[in-house]
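The values are calculated or read from the model by the stated rules, or taken from the named source; none is laboratory data. Only a predicted model underlies this, so the values are computations on that prediction, with no experimental measurement involved. Using ideal geometry, Cβ is built from the backbone for each residue, glycine included, and neighbour counts are taken over all protein chains shown. Please note that ligands, DNA and RNA were not included when accessible areas were found on the heavy atoms of the full protein model with its side chains. Shrake-Rupley method; radii C 1.70, N 1.55, O 1.52, S 1.80 Å.
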Amino acid sequence: QLQASGGGLVQAGGSLRLSCAVSGRTVSTFAWFRQAPGKEREFVARSRQTPTMTRTTYYADSVKGRFTISRDNAKNRVYLQMNSLKPEDTAVHYCAARSTYLATTDESDYDYWGQGTQVTVSS
């Protein structure tokens, strides 16, 4: 089970940190997706950990340089630090995970999903 939190209302240029807690399973690949009103859900960022404990991250072009995904395996949590927020970042943000290591931005490849947390950026 995944539990996302940390969303809220912020002015353009501000920051938020989303958190996602994982319980009941071990996961290898985490990702954040988002869905704006009237749009399809889109990939935001991914963190994967190989069997040799090498971690890599990958970002959508729209958030590269502004967002940072990180993970704390001891706490079984993943974070999304969002800086320099823009009104177009307004969306429900979802955390997702899969048990096995896979470099994918396709939401259909993720087995577990959080309930979503609303991020609203005012201009």
Would you confirm whether any residue within segment 52-71 is surrounded by 14 or more Cβ atoms within 10 Å (Cβ to Cβ), at pLDDT below 95 and not in a strand (DSSP E or B)? no
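Inside segment 102-123, can you point out the residues that are touching a Pro at 6+ places or on another chain (Cβ under 6 Å), under 16 Å from Gly6 (Cα atoms) and assigned to a loop (DSSP other than H, G, I, E, B)? Outline the logic, then answer.
As a first pass, look at segment 102-123 and keep what is touching a Pro at 6+ places or on another chain (Cβ under 6 Å): 121, 123.
Narrowing the set further to residues that are under 16 Å from Gly6 (Cα atoms) leaves 121.
None - no residue of segment 102-123 is touching a Pro at 6+ places or on another chain (Cβ under 6 Å), under 16 Å from Gly6 (Cα atoms) and assigned to a loop (DSSP other than H, G, I, E, B), so the list stays empty.
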Check off (1) modelled with pLDDT of 95 or more; (2) open to solvent by less than 30 Å² (accessible area, probe 1.4 Å); (3) assigned to a loop (DSSP other than H, G, I, E, B); (4) of a type outside the set (S, T, N, Q) for Val27 and give me the number that stays unchecked. (1)
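For segment 77-101, which residues satisfy the criterion of being assigned to a loop (DSSP other than H, G, I, E, B) and open to solvent by 40 Å² or more (accessible area, probe 1.4 Å)? Outline the logic, then answer.
As a first pass, look at segment 77-101 and keep what is assigned to a loop (DSSP other than H, G, I, E, B): 83-86, 90, 99-101.
Within segment 77-101, Asn83, Ser84, Lys86, Ser99, Thr100, Tyr101 qualify.
Just to be sure before I move on: is Arg48 open to solvent by 30 Å² or more (accessible area, probe 1.4 Å), within 13 Å of the chain's Cα centre (by Cα) and either within 18 Å of Tyr110 (Cα to Cα) or charged (D, E, K, R) (or both) in the structure I sent? It would help to see each step written out before you state the result.
On the way: open to solvent by 30 Å² or more (accessible area, probe 1.4 Å): yes; within 13 Å of the chain's Cα centre (by Cα): yes; either within 18 Å of Tyr110 (Cα to Cα) or charged (D, E, K, R) (or both): yes.
It is true that Arg48 is open to solvent by 30 Å² or more (accessible area, probe 1.4 Å), within 13 Å of the chain's Cα centre (by Cα) and either within 18 Å of Tyr110 (Cα to Cα) or charged (D, E, K, R) (or both).
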Just to be sure I understand the filter: pairs with C-beta atoms under 6 Å, separated by 6 or more residues or on different chains, first member in segment 1-14 and over 29 Å from Arg98 (Cα atoms), second member modelled with pLDDT under 95 and open to solvent by 30 Å² or more (accessible area, probe 1.4 Å). Which pairs pass? Ala12/Ser123
Among Tyr59, Tyr79, the single one that is of a type in the set (Phe, Trp, Tyr) and under 21 Å from Leu9 (Cα atoms) is Tyr79
Of the conditions (1) assigned to a loop (DSSP other than H, G, I, E, B); (2) surrounded by 14 or more Cβ atoms within 10 Å (Cβ to Cβ); (3) modelled with pLDDT under 95, Ala21 fails just one. Which one is it? (1)
All but one of (1) open to solvent by 50 Å² or more (accessible area, probe 1.4 Å); (2) at pLDDT below 95; (3) not in a strand (DSSP E or B) hold for Glu40; which doesn't? (2)
Within segment 102-123, take every residue that is among the β-branched types (Val, Ile, Thr) and in contact with a helix residue (DSSP H, G or I) (Cβ under 7 Å, 6 or more places away or on another chain) and give me the one that is surrounded by the fewest Cβ atoms within 10 Å (Cβ to Cβ). Val121
